[in-house]
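Notes for the one structure printed next.
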Amino acid sequence: MEAHVCDPSVFTPAERARHDRLVQELFEVARPDPQSPEVFRFPPEDAWVMKVAEWLTLERRCCPHFRFQVEVGQGFLSLRVESV
């Protein structure tokens, strides 16, 4: 299996700082799905939906080998992250 490495050099210093802040904020509240270890659950409020979307916008630039799936519904927000 090929090893994938993220490239944070794609970010400006401001983008890198924002990415780091988002990672800290998101993964302080993220809860892994016990049935799917690649799925994380977040509070379903709009502010968290926007933070997940902003993080994805940045993350897909530095880690193009990941596939992301966001699901938002009544009372839940989930993010699936898989390596391709």
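The values are calculated or read from the model by the stated rules, or taken from the named source; none is laboratory data. In this text the structure is predicted, and so the values were computed from the model without any measurement. As a convention, Cβ positions derive from the backbone with ideal geometry for all residues, glycine included, and neighbour counts pool all protein chains shown.
A few comments on the model shown:
- Every residue from the range 10-61 that is at pLDDT below 95, in contact with an Asp or Glu (Cβ under 8 Å, 6 or more places away or on another chain) and among the hydrophobic types (A, V, I, L, M, F, W, C): none
- Residue-level check: of (1) polar (S, T, N, Q); (2) without any contact (Cβ under 8 Å) to a residue 40 or more places away in the chain; (3) surrounded by 15 or more Cβ atoms within 10 Å (Cβ to Cβ), Gln74 misses just (3).
- Count - residues of the range 1-21 that are more than 23 Å from Val84 (Cα to Cα), surrounded by 12 or more Cβ atoms within 10 Å (Cβ to Cβ) and not acidic (Asp, Glu): 3
- Qualifying residues in the range 42-84 (those that are charged (D, E, K, R) and out of contact with any Phe, Trp or Tyr (no Cβ under 9 Å at 6 or more places or on another chain)) - the one nearest to Pro32 (Cα to Cα): Glu71
- Qualifying position, being of a type in the set (Phe, Trp, Tyr), on the phi < 0 side of the Ramachandran plot and touching a Cys at 6+ places or on another chain (Cβ under 7 Å), among Phe11, Phe40, Phe66: Phe11
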